[in-house]
Structure formats: structure tokens, C-alpha cells
Amino acid sequence: MSHHALVVDDNKQNLRVLSQMLSKQGIHSTEVFDPTTLEALLPTLEAVDVVFLDLEMPGLDGFDVKDRILSTFVNIPIIAYTVHISEMNVIQEHGFSGMLAKPLDGSRFPDQLARILRGEQVWERA
């Protein structure tokens, strides 16, 4: 069964890198560069298995975006994908399913992704 990831990041380089890493693991991804387009996009998406969400974006922060995603896709793992690893406690308090530090470690990502897709919480500082 093929999985589908939603990647939300206002940095096109980060979007491209994460999408390529997902593709290498056989995961199709939908990239969102502008989080303000999410409300129109979400109802058009078929099943989403995991969301990778940047926390710091202009206009909308990742905490607001997480709530909008959960209004469409209930019980989906949403992974904070951020350079702000010192905010792990805040991220946990906001109900994220995990956190991966930027930049992602290509050698560790396949295992992290497999664990996330199995429903495990993954909290990785680096």
C-alpha cells in the first residue's frame, strides 16, 4: 500500500529535500509552500498518512496550521519539522505526534519514517 504525506514549509529548498527523501522511501507527497492555501487544498486531498509541518511560517504558524489540518484529517500523525528543537516541550503540549530537527539526517530518516507510519511518536533533536 502506498502512503501519502503532506509537507508544509515556506522554504522551497526544505520542501524539495523532504519530498525527495519521502520519494526514496516510496511515499508520495503533496507539497504546500503557502499555508494560506491549505483550507482550499485539504478537502481535495485523498487520504493523508502523515503530515510534516514547519512551525515558523509567515502569516500562520505551525500550531494554527496543525489545528486546520486536524479539522479535516482526524487522528493523523503531525510531525513538527523545525530548527527550533529547544521548543520540544511546547510542541508536545500542542499535541504534535513527534518532532524531527532540521536539517533531516538522511541516514536516520528511513527508520524515523517507518516508526511514524507504525503509529509511534518520534521525538528527535538531531
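The values are calculated or read from the model by the stated rules, or taken from the named source; none is laboratory data. In this text the structure is predicted, and so the values were computed from the model without any measurement. Cβ sites come from the backbone with ideal geometry, for glycine too, and all protein chains shown count toward neighbours.
Might you let me know whether the range 87-100 holds any residue that is in contact with a His (Cβ under 9 Å, 6 or more places away or on another chain), under 16 Å from L6 (Cα atoms), touching a residue at least 40 places away in the same chain (Cβ under 8 Å) and surrounded by 13 or more Cβ atoms within 10 Å (Cβ to Cβ)?
no
State yes or no: is V17 part of a strand (DSSP E or B), β-branched (V, I, T) and surrounded by 13 or more Cβ atoms within 10 Å (Cβ to Cβ)?
It is false that V17 is part of a strand (DSSP E or B), β-branched (V, I, T) and surrounded by 13 or more Cβ atoms within 10 Å (Cβ to Cβ).
Could you grab me the full set of residues in the range 34-59 that are over 24 Å from E124 (Cβ atoms) and outside any helix (DSSP H, G or I)?
Across the range 34-59, the qualifying residues are D34, L45, E46, A47, P58, G59.
Filter the range 1-32 for residues that are farther than 21 Å from I91 by Cα, touching a Leu at 6+ places or on another chain (Cβ under 8 Å) and of a type in the set (A, V, I, L, M, F, W, C) and give the result.
V17, M21, L22, I27
Has the range 101-112 got at least one residue that is assigned to a strand (DSSP E or B), buried (at least 17 other Cβ atoms within 10 Å of the Cβ) and of a type in the set (A, V, I, L, M)?
yes
State which residue is surrounded by the most Cβ atoms within 10 Å (Cβ to Cβ) when the search covers only the range 34-53 and only residues that are at pLDDT 95 or above and closer than 22 Å to V83 by Cβ.
By that ranking, first place goes to F52.
Taking the range 75-86 as the search range and keeping residues that are closer than 14 Å to L6 by Cβ and not in a strand (DSSP E or B), which one is nearest to the chain's Cα centre (by Cα)?
So the residue we want is P77.
For the range 113-126, give me the residue count where each residue is touching a residue at least 40 places away in the same chain (Cβ under 8 Å) and either surrounded by fewer than 12 Cβ atoms within 10 Å (Cβ to Cβ) or of a type in the set (D, E) (or both).
Counting residues in the range 113-126 that are touching a residue at least 40 places away in the same chain (Cβ under 8 Å) and either surrounded by fewer than 12 Cβ atoms within 10 Å (Cβ to Cβ) or of a type in the set (D, E) (or both) gives 3.
Restricting the search to the range 89-108, which residues are of a type in the set (S, T, N, Q) and over 15 Å from the mean Cα position of the chain (by Cα)?
Within the range 89-108, N89, S107 qualify.
For T30, state whether it is over 14 Å from L113 (Cβ atoms), at pLDDT below 90, of a type in the set (V, I, T) and surrounded by 13 or more Cβ atoms within 10 Å (Cβ to Cβ).
Criteria not met by T30.
Which of the residues spanning the range 109-124 are over 15 Å from the mean Cα position of the chain (by Cα) and either of a type outside the set (K, R) or within 17 Å of N14 (Cα to Cα) (or both)?
D111
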